[in-house]
1. I'm checking my understanding of the structure. Among residues of segment 90-110 that are part of a loop (DSSP other than H, G, I, E, B) and aliphatic (A, V, I, L, M), which one is nearest to the chain's Cα centre (by Cα)?
2. May I ask you to list pairs of residues, at least six apart or on different chains, whose Cβ atoms are under 6 Å apart, with the first in segment 80-106 being more than 30 Å from VAL43 (Cα to Cα) and the second being basic (Lys, Arg) and assigned to a strand (DSSP E or B)?
3. Regarding ARG45, is this residue within 18 Å of GLU20 (Cβ to Cβ) and among the basic types (Lys, Arg)?
4. Kindly provide the set of residues from segment 55-70 that are assigned to a loop (DSSP other than H, G, I, E, B) and not basic (Lys, Arg), ordered by number.
5. Given the conditions (1) at pLDDT 90 or above; (2) surrounded by fewer than 17 Cβ atoms within 10 Å (Cβ to Cβ); (3) farther than 16 Å from GLU67 by Cα, and given that ILE30 satisfies all but one, which numbered condition is not satisfied?
6. Take ILE73 and tell me if it is in contact with a strand residue (DSSP E or B) (Cβ under 7 Å, 6 or more places away or on another chain) and assigned to a loop (DSSP other than H, G, I, E, B).
7. Looking at (1) in a strand (DSSP E or B); (2) at positive phi, can you tell me which one SER39 breaks?
8. Which of the residues belonging to segment 27-67 are closer than 19 Å to GLU128 by Cβ, free of Cβ contacts under 8 Å to residues at least 24 places away in the same chain and not hydrophobic (A, V, I, L, M, F, W, C)?
Amino acid sequence: MICRPECSSQEYVRNSYMHEIRIAEDLKAIVLEAAEKASLSVVTRVDVNFGQLIQIVPDIFEFAFRETVRNTIAENAEVIIEIIPVRLKCMNCGKVLHSNEFQFVCHECGSTDMKIINGKELFVKSIEGE
């Protein structure tokens with residue numbers, strides 16, 4: 001993103017990291033709702049899983065989450081982020097592959113007819129508190 005001279009640095013950061021900010025805002029809502037249902041007075045830990053294809057930058061996401069939960073019962077919660085690697089199944093030969101790069105080609109038969117098994121997940125694994 002290119003920031004015009006008249007926009008503030010805060011506006012630049014918000015626009016540059018909108019993906020992480022939006023997910024952090026959604027996570028805040030989930031965490032606070034779960035805490036209320038469980039009658040928690042403080043949230044101490046949040047475990048989240050992101051598939052590699054979600055393309056979250058963990059440090060940016062954690063910063064965004066910290067900003068969204070400021071002045072709430074989750075403001076000091078430890079955030080644990082797990083990235084789930086991409087796992088594919090070749091629909092031609094049936095081989096299951098792991099891919100650290102975004103190349104969806106079967107190493108066995110060369111087919112590009114792939115089904116994504118893992119890598120698109122986005123979920124809260126657990127929320128802890130008192």
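The values are calculated or read from the model by the stated rules, or taken from the named source; none is laboratory data. From a predicted model like this one, the values you see are computed outputs, not experimental measurements. Ideal geometry is used to build each Cβ from the backbone, glycine not excepted, and the neighbour counts take in all protein chains shown.
1. Of segment 90-110, the ones part of a loop (DSSP other than H, G, I, E, B) are 91-95, 100-110.
Okay, now just the ones that are also aliphatic (A, V, I, L, M), so 91, 105.
Numbers: MET91: 28, VAL105: 25 Å.
Going through the qualifying residues, I end up with VAL105.
2. Close Cβ pairs satisfying both conditions: LYS89/LYS115; MET91/LYS115; VAL96/LYS89; HIS98/ARG87.
3. Numbers: within 18 Å of GLU20 (Cβ to Cβ): no; among the basic types (Lys, Arg): yes.
Against the criterion (within 18 Å of GLU20 (Cβ to Cβ) and among the basic types (Lys, Arg)), ARG45 does not qualify.
4. Here is the first cut: in segment 55-70, the ones assigned to a loop (DSSP other than H, G, I, E, B) are 55-57, 69-70.
GLN55, ILE56, VAL57, VAL69 - these are the residues of segment 55-70 that are assigned to a loop (DSSP other than H, G, I, E, B) and not basic (Lys, Arg).
5. The number of the failed condition is (3).
6. On the way: in contact with a strand residue (DSSP E or B) (Cβ under 7 Å, 6 or more places away or on another chain): yes; assigned to a loop (DSSP other than H, G, I, E, B): yes.
So ILE73 passes the test.
7. For SER39, the failing item is (1).
8. Across segment 27-67, the qualifying residues are GLU33, GLU36, LYS37, SER39, GLU62, ARG66.
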